[in-house]
1. Mind checking which residues of the stretch 84-100 are surrounded by fewer than 16 Cβ atoms within 10 Å (Cβ to Cβ) and part of a helix (DSSP H, G or I)?
2. Please go through (1) closer than 15 Å to residue 13 by Cα; (2) surrounded by 15 or more Cβ atoms within 10 Å (Cβ to Cβ); (3) modelled with pLDDT of 85 or more for residue 117 and return the number of the only condition it doesn't satisfy.
3. Do you know which residues across the stretch 18-67 are part of a loop (DSSP other than H, G, I, E, B) and at pLDDT 80 or above?
4. Surrounded by 13 or more Cβ atoms within 10 Å (Cβ to Cβ) and farther than 20 Å from residue 112 by Cα: which single residue out of 29, 16, 38 fits that description?
5. Assuming residue 111 fulfils every condition listed in (1) at pLDDT 85 or above; (2) within 22 Å of residue 137 (Cα to Cα); (3) surrounded by 14 or more Cβ atoms within 10 Å (Cβ to Cβ); (4) more than 18 Å from the chain's Cα centre (by Cα) apart from one, which condition is it?
6. Can you tell me which residues in the stretch 1-12 are assigned to a helix (DSSP H, G or I) and touching a helix residue (DSSP H, G or I) at 6+ places or on another chain (Cβ under 8 Å)?
7. Take the residues in the stretch 120-147 that are more than 22 Å from the chain's Cα centre (by Cα) and on the phi < 0 side of the Ramachandran plot; name whichever of them is modelled with the highest pLDDT.
8. Going by the structure shown, is residue 71 in contact with a helix residue (DSSP H, G or I) (Cβ under 9 Å, 6 or more places away or on another chain), free of Cβ contacts under 8 Å to residues at least 40 places away in the same chain, farther than 17 Å from residue 120 by Cα and in a helix (DSSP H, G or I)?
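The values are calculated or read from the model by the stated rules, or taken from the named source; none is laboratory data. Because the structure is a prediction, the values reported are computed rather than measured. Reconstructed Cβ throughout: ideal geometry from the backbone, glycine too, with neighbour counts over all protein chains shown.
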């Protein structure tokens, strides 16, 4: 592992993550609606799915998407459709003056629900998927050897 590249990657990821996006807005909305515990669980869900995405890229997902751009476009379009669906739902509920997905009136959001929604929202977030697939490989030092499976997939693509 190259400590210089790891440091640069961590700084770049931190700067990208503090920029508000769908995940940040989702966590804020869940925290405001469900309380601090629900907001924390939504954050943990988002972070968990980021770990899944980074692991997938390290295992060669970016090489797979390079070989099959239609798969990457399908994933991005599916994620955009899901985020559009969430936006339309929010607008519909705001128009009626009712809360979004809270179940019974006055009920709190469960931690499990907040976690799962946070994970799904991040997994299908086109910004995050594109960022991880395009950005992470830039910080891999090929001189130190390939990340497991990534080298094999990259060789098959060539």
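1. Within the stretch 84-100, 84, 85, 87, 88, 89, 90, 91, 92, 93, 94, 95, 96 meet the criteria.
2. (1)
3. 35
4. Within the list 29, 16, 38, the selection yields 16.
5. Residue 111 satisfies every listed condition except (2).
6. Listed by number, the residues that qualify are 5, 6, 8, 9, 12.
7. 143
8. yes
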